[in-house]
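Trainee: Below: one structure in structure tokens.
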Amino acid sequence: MTLSPTDRAAMRTAVEARRDAMVDDLVTYASLETPSDDVDLLEVGLAWIEAFLGRTAGPAADRRVRVVEGYGDTVALDFPSPTGSAEWVTALCHYDTVWAEGTLAEWPVTIEGDRMTGPGVFDMKSGLVQLGHALAVSDALGLPRPGVRLLLNGDEEVGSIASRPSIEEEVGRGGAVLVFESAAEGAVKTARKGVGIFEVQAFGVEVHAGLYPRAGASAVDEMARLVLQLHGEADIDAGTSINVGIVQGGTRTNVRAGHARAMVDVRVTTADEAARVERLFASLTAHDPLARVEVTGGWNRPVMERSPQTGALYERAARVASDLGFELREVSVGGASDGNFAAALGAAVLDGVGGVGGGAHARHEWISLDGMVERTEFVTALFAELA
Ligand SMILES: [Zn+2]
């Protein structure tokens with residue numbers, strides 16, 4: 001439902017009135033370090049989030065938890081529609097960051113003018129704060145909204161291995177999926193590349209390289225050829241990158257190398273290219289009959305292609321933004337997110353409805369405080385649209 005001009009004005013006043021509270025909440029949240037690999041810190045971060053949601057969105061009607069040793073817990077919280085809407089949306093929010101414990105000591109959360117900088121403010125702690133306050137405003141004013149199923153996971157930055165089953169389960173319950181990752185220069189993401197991580201190993205036969213230069217087989221020689229072959233199969237124009245980022249091999253200068261390994265990052269924009277890359281890796285063979293090649297790994301996140309349902313959701317969101325007086329652009333990006341899993345299940349996915357700023361994974365990541373207000377209004381109005 002489109003908000004009436006009166007509701008829209010009341011909503012804007014209510015969000016604006018929360019500006020300082022939102023800033024305080026984000027400062028507090030970003031001042032809790034939540035690196036993906038520190039379960040104790042993740043637990044503290046998650047406890048703060050649930051308390052924060054308790055005082056913004058209110059108590060959750062249902063709480064589902066997935067516990068996997070060595071990872072932060074995955075929690076799904078239900079906030080049913082208080083206005084009787086039968087619709088539901090799934091909101092995806094990861095609470096881990098790429099920043100190791102101790103980063104805050106060198107890089108504390110700071111505000112200068114419209115900008116806040118600090119570990120995780122852009123990716124993606126602002127998104128969660130905006131979501132909590134959007135729910136609070138929506139419910140305080142009695143605006144229509146769908147039920148919101150909020151998924152919190154603490155392993156997104158390391159591939160969502162532990163949380164993926166929960167993500168798929170929640171998305172499978174139906175409805176649109178909103179990913180509260182930050183926006184790309186203000187734009188939402190309606191397509192994301194698929195990401196694969198492959199390991200290629202070459203096995204040779206070790207012999208004294210000086211005494212028997214023709215004997216044995218060199219794994220380093222094999223790997224050198226494989227690296228050139230792999231890089232030669234990239235198709236940047238088609239959106240396919242293949243990057244051998246790590247190569248290791250050999251033991252001594254005078255030994256024909258017995259083993260070499262390479263780690264390869266692959267990005268694709270279409271399922272066809274994903275299939276071509278799979279065939280490529282399956283076809284890798286050794287040049288020397290005495291050597292052999294082994295490939296492991298595969299796709300971490302499937303391609304998120306711009307489906308018709310995602311396109312339709314974007315159109316609705318763009319109308320909502322335009323009613324609020326700003327243009328919501330859409331982009332296709334190279335990074336993957338949990339939105340990729342949702343899109344692979346056929347859901348309509350709008351990714352990047354979180355903070356406005358820049359510098360993801362960089363030591364200067366920042367968000368705009370005005371952007372925070374703007375996007376909280378946007379999410380509140382989008383909820384009304386989807387109710
Ligand atoms: Zn993120």
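The values are calculated or read from the model by the stated rules, or taken from the named source; none is laboratory data. The model shown is predicted, which means the values in this text are computed figures rather than measured ones. We place every Cβ from the backbone using ideal geometry, glycine too, and count neighbours over all the protein chains shown. When the accessible area is computed, the model is the full protein with side chains, heavy atoms only, and any ligands, DNA or RNA have been set aside. Shrake-Rupley method; radii C 1.70, N 1.55, O 1.52, S 1.80 Å.
Trainee: Compare the peptides 102-112, 50-60, 314-324 by average per-residue count of other Cβ atoms within 10 angstrom and give them in order, highest first. Don't jump to the answer; show the numbers that get you there.
Mentor: Numbers: 102-112: 12.7, 50-60: 15.7, 314-324: 17.3.
By packing density, highest mean first, the sequence is 314-324, 50-60, 102-112.
Trainee: Here is a further query. Let's test the formula: R0 of 56 Å, r as the Cβ-Cβ distance of N243 and L141. What FRET efficiency results, to the nearest 0.05?
Mentor: Numbers: r = 49 Å, r/R0 = 0.88.
Efficiency, from the Cβ-Cβ distance: 0.70.
Trainee: For segment 310-386, what percent of Cα pairs sit more than 15 Å apart?
Mentor: Working: 1812 of 2926 pairs.
Of the Cα pairs, 62 percent sit more than 15 Å apart.
Trainee: In debye to the nearest 20, how big a dipole does the chain give about its Cα centre with +1 on each Lys and Arg Cβ and -1 on each Asp and Glu Cβ? Don't jump to the answer; show the numbers that get you there.
Mentor: Numbers: 33 positive and 56 negative charges, 154 e Å.
That gives a dipole near 740 debye.
Trainee: How far is it, in nm, from the label point at Q309 to the one at I236 when both lie 7 Å from their Cα along the line to the Cβ?
Mentor: 3.6
Trainee: On to the next question. Given +1 on the Cβ of Lys and Arg, -1 on the Cβ of Asp and Glu, and no further charges, what dipole in debye does segment 256-319 carry about its Cα centre, rounded to the nearest 20? Present the calculation step by step, with values, prior to reporting the outcome.
Mentor: Working: 10 positive and 8 negative charges, 33 e Å.
My answer is approximately 160 debye.
Trainee: Could you order peptides 250-260, 139-149, 185-195 by the average number of other Cβ atoms within 10 Å of their residues, highest first?
Mentor: With the highest mean Cβ count within 10 Å placed first, the list reads 185-195, 139-149, 250-260.
Trainee: Here is a further query. Between T251 and E101, how high is the FRET efficiency from 1/(1 + (r/R0)^6) when r is the Cβ-Cβ distance and R₀ = 51 Å? Nearest 0.05.
Mentor: Working: r = 35 Å, r/R0 = 0.69.
With a Förster radius of 51 Å, E is 0.90.
Trainee: Still on this model: For segment 194-301, give the percent of accessible area contributed by carbon and sulfur heavy atoms, probe 1.4 Å, rounded to a whole number. It would help to have the intermediate numbers written out before the result.
Mentor: Details: 3060 of 5780 Å².
Carbon with sulfur: 53 percent of the solvent-accessible area.
Trainee: Further question on the same structure: Which value, in debye to the nearest 20, describes the size of the charge dipole of segment 334-387 about its Cα centre when Lys and Arg Cβ atoms bear +1, Asp and Glu Cβ atoms bear -1, and nothing else is charged?
Mentor: Numbers: 2 positive and 7 negative charges, 33 e Å.
So the dipole magnitude of segment 334-387 works out to roughly 160 debye.
Trainee: Ok, one more. Return one number: the angle in degrees, 0 to 90 and rounded to the nearest 10, between the long axis of the Cα atoms of helix 126-141 and the longest principal axis of the Cα atoms of the chain.
Mentor: 20
Trainee: Say the dipole of segment 194-301 comes from +1 at the beta carbon of Lys and Arg and -1 at that of Asp and Glu; which of V227, A209, W299 then lies farthest toward its positive end?
Mentor: A209
Trainee: Could you give the length gained on full extension between D20 and R316, defined as 0.36 nm per residue of separation minus the Cα-Cα distance, in nm?
Mentor: Details: separation 296, 0.36 × 296 = 106.56 nm, distance 2.96 nm.
Residue separation times 0.36 nm, minus the Cα-Cα distance, leaves 103.6 nm.
Trainee: V179's amide H: which non-local residues (gap 5+, or another chain) put their own amide H closer than 5 Å, with H modeled 1.01 Å from N in plane and none for Pro or chain starts?
Mentor: L92, L350, D351, G352, V353
Trainee: Any idea which of Y314, L53, L143 is furthest toward the positive side of the dipole for the chain, if Lys and Arg beta-carbons carry +1 and Asp and Glu beta-carbons -1?
Mentor: Farthest towards the positive end: Y314.
Trainee: Are there any GluC sites (Glu not before Pro) in segment 334-382 that are in a DSSP loop and have at most 10 other Cβ atoms within 10 Å? List them by number. Can you show the working numbers first?
Mentor: Details: sites: E365, E374, E377; in loops: E365.
Taking segment 334-382 and a limit of 10 other Cβ atoms within 10 Å, no loop GluC sites (Glu not before Pro) are found.
Trainee: For labels at D323 and H364 in the simple 7 Å Cα→Cβ model, what's the distance in nm?
Mentor: 3.8
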